[in-house]
Structures are given as C-alpha cells and as structure tokens.
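First the structure, in the form of structure tokens, and then the observations on it.
The values are calculated or read from the model by the stated rules, or taken from the named source; none is laboratory data. Quick caveat: nothing in here was measured; it's all calculated off a predicted structure. Cβ placement follows ideal geometry from the backbone for every residue including glycine, while neighbour counts extend to all protein chains displayed.
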Amino acid sequence: MASKFLLLFKPFQRFTLEVKKPARKPSFKRKIAWTFGILSLYLVMLNIPLVGVPSDEGTDPFFAMRAILASQRGSLAELGIGPIVTAGLIMQLLVGSQIIKVDFSNSEERALYTGTQKILAVLMTIFEALAYILGGAYGEDIGFEASILILVQLLVAGFIILLMDEIIQKGYGLGSGISLFIAASVSFNIFDGMFSLSPEPSGGFNWYRGCILAFFQAIFSDDPNATLSTPFSRVGRTPDLIGLLATIVVFAVVIYVDSIKIEIPVQHSQYKMPARYPIKFLYTSNIPVILVSALFANIYFISNLMWNNWKSAASGLKYFLVRFFGTWEDISGGTGSQQLAPVTGLASYTTAPYGPEQIAKYPVNAIIYLVLMVALCGIFSRIWIDTAGMSSKNVAKQLLDANMQIPGFRRNPRIVEKYLERYIPTAAWLGGFFIGVLAAFADFLGALGTGTGILLTTGILRQYYEIFASEQVSETVPALAGFLGLK
C-alpha cells in the first residue's frame, strides 16, 4: 500500500498538468527538434527580464551558483531548476531515510511518487519566489503591486520550466530537461569566462573579464599596470587562467574515470551466449553532485535571506539564527561590483572558497567544505541506487528477467543479488566520494563555471553522446535495437 504521505498529495495531483507519453516513439530527428526547441525557449526565458524589477537594486543571493542552477539574475528563469531539484532532493531524503516507503516496481505507487514530487516542485517555486521578494532581492521598497506582479511571473515561468523538463523526460526529447539546461548554462559561463568583454578594473588597469582576452591585453598593452601575472590569478570570482586550466583538467579526468568499470561475466540461460554486465566506477554518474548542490544552494539561500533581514539583530533568536546560518561580507576586493559571500556559519562551510586567496584566508571553511562535499556525495550516491532501481536487488531481477545468469551460480534472485552486493554498493560509495573530491578541488582552483558545474556538464555531454549513439542504432537497425533493449 502507498505511503500516507503520498496519499496526502493524491487529491491535488488532478490539478497539475501532466504530459502524456507519445503514443508512438518519435523519430530521432523529431526528438532533436523537440530538444532544440525547448532549449531555445529556455535560453529566451534566461534573457527576458522580469517586469517590475529595478535593474540597479537588490542583491543576488545565488550569484555563485547561477551556472549549476541554470538561472539568470532578474530574468523569467530567475529560479532556474532550483525548485525541481530541491523537490527531488526532499523526496530522495524521505525515501532514503525510510520516512516514506515506495514500491517502485508498482506502477501506481511510482505514479503517486512522481505526482507528489511535481506538487512539491510547485510549492518550492512559490516558497523561493516569496523568499526572493520578501528577502529584498529586488529592493526593499518595490511596493505591493510590483511584488504581486513579480510573484506571478516567477510562478508561471517556474511551471513552464517544470513542463519543459517533463516533455523531454516523457520521450519527446533526448535526455532530461534539467541536464540540458545545466549543460547549456555552464557552457555559456565557460565561454563568458574566457571571452567576456565586460570591464573588470584592477590594479589601475581596465581589464576584460574574459581571462583569455585579459591575457592578450597583458601581452600587447604598453601600460605598466597591465602585468602578465594578473590574468593567471585574479581577485574574487573574476575568471583567470588557473581556473581555465582547472576546467580542462577536470574535463579530462572525468572523461577518463567514466570509462573505468568492472565487467561481470554473464550468459544466456538457454543459449549459453557469453556476455558481460558493466558496473562503472562512477556508478551513479553526476546525480550525487546535483543533489548536494541543491542542498548547499538552499542553505546558501536561507542564510542570505536571514542576513538581509536580521543582520542588525543584537540578541535573541534572530541573532542566533543569523550567526548559525552565516554572516556575509564583500569578497570582490574592491574590483567591479559588490560580491557578497558567507564568511562564517553553516553557509560558509557549504560554499567553496574561490581560489587560493580565499582558501588561505579561510582554511577551516575549506577543509569542512571538502569533508561535507565528499561525505554527502557518497551518502546520496548510496541512497540513489535504491530509489532509482540501480541496487543489487534490482539489477539481479533485471538480469534474471532477461534470462541471463552468472556462470557457476544458480538462477536464484538472492544468490545473484548477494554476488552483485560485492560490487554495486562499493561502486556507489567510492564513485560518490571521488566525484565529491574532484568537484571540491575544482572549485578551490576557481574552475570556470564552478567545479561542480564542470563535473555535471562533462557527465551530461557523455550521456548525450551515448543517447545519440543508441538512437542512431534504433533508427538504422531496428531489429538490433530491439535485441539491445533500445526500443
């Protein structure tokens, strides 16, 4: 029987729009068209400003996380994928901690789970939109009418983003909307970090923001203030060449590590055809980083909200909460626009120190951030295999249902599950730990698009490469596609 928690949301699911699966599988070209169309619409939303928002007022609590949230300050996509990912995180934590129990093999319970997650995403959109407005993200005195107008825009845009993600996931497009939006956002940030023409004054010289353009400025400029060392290491979150190098290294490491796998020998029970079942070292791919990023982003957001409203509190509960979640200060170093960041409290431990200077200034924060990132990535990776049907029990069932068996072992679900237990949980833990270490160190070195963003984008591009390959097989050799389970 479904959990009482899921049944609580069942009456409300009829009020949410649902995208039906296509009656017939769309062609590869049609999927590409849908994917490109939805991505184009999302990019348009990123560049349409919210009506009623003063362009020169307010703070940006998510400036450090815009890339991985696929959002843009002051646009219709202000909240990005944050509400969707946060709703998914909440459901994962509830299932992983056994607070709610879901039988994912039961289609009815699976539908209830998905519907509940969608409702939570809508609720998170409302919560985050209200928090932005009440927290002063658009200025302190924007007025009641403007507040309502902004709220309506954010709610409608958030619901459209939710539907766009569902359209792709239901089979009309390729991959998932969340992955697509993250990859596009991070890619744009990397390009912007290399070639942006925006001015970044520093050391008496008007540098370009793009690190490659700044490098050529240093080479060809006659100004004595245009030192060659500046483009390699810059203050605050201004892109530099060390960050670009870190970006390239992370990309290469992820591509290499993603190919590491253990191959378990299997064979068809009737025809005795030998084959191998691969278990990747990065068994859960980039999912742990997405979930940890969502958790950290919400802590970051709550801390900024409290700081903006209660920073003047001298005692009492408000004072305690501000100190617990974090105090903020400008880390721009006096160059360019103000860049507030948490320097004490919980938010400072869940925000990566950006570059060697910040690490040297806040070494304890850096160490705690590293430990939290690694530990939580491992934990979420382990939880994910149970909730996503990737556990030893699920894989054993899939193999037996396909009439496959492990040579030398009986075709008994428990025996096969016990054999797989040697590898799958270990791969989930170690893969999660490794991805956490890599993301943290890339952030420490100031990777363009953030270390987490690079990690996610690399994995997403790899997944899209595999999707394209499987779709082409399905189109060109239908019989082989059916045999491989690609239909």
Here is a check on your reading of the model: is GLY408 of a type outside the set (A, V, I, L, M, F, W, C), surrounded by fewer than 16 Cβ atoms within 10 Å (Cβ to Cβ) and within 30 Å of LEU420 (Cα to Cα)? yes
Near pairs, Cβ below 7 angstrom, 6+ apart or cross-chain, from segment 378-394 (outside the structural domain of LEU93 (by TED's automatic domain parsing)) to any residue that is of a type in the set (D, E, K, R): SER392/GLU417; SER392/GLU421; LYS393/GLU417
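Of the residues ILE279, ILE260, which is closer than 29 Å to SER391 by Cβ and surrounded by 14 or more Cβ atoms within 10 Å (Cβ to Cβ)?
ILE279
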Where in segment 21-127 are there helices (runs of 4 or more DSSP H), lying fully within it, with 3 or more residues that are polar (S, T, N, Q) and surrounded by 15 or more Cβ atoms within 10 Å (Cβ to Cβ)? none
Just to check your reading of the model, which residue among THR387, THR327 is polar (S, T, N, Q) and more than 30 Å from GLU109 (Cβ to Cβ)? THR327
The residue from ARG323, ARG237 that alone is closer than 21 Å to VAL364 by Cβ and part of a helix (DSSP H, G or I) is ARG323
Of VAL156, VAL152, which residue is exposed (fewer than 15 other Cβ atoms within 10 Å of the Cβ), over 23 Å from the mean Cα position of the chain (by Cα) and modelled with pLDDT of 85 or more? VAL152
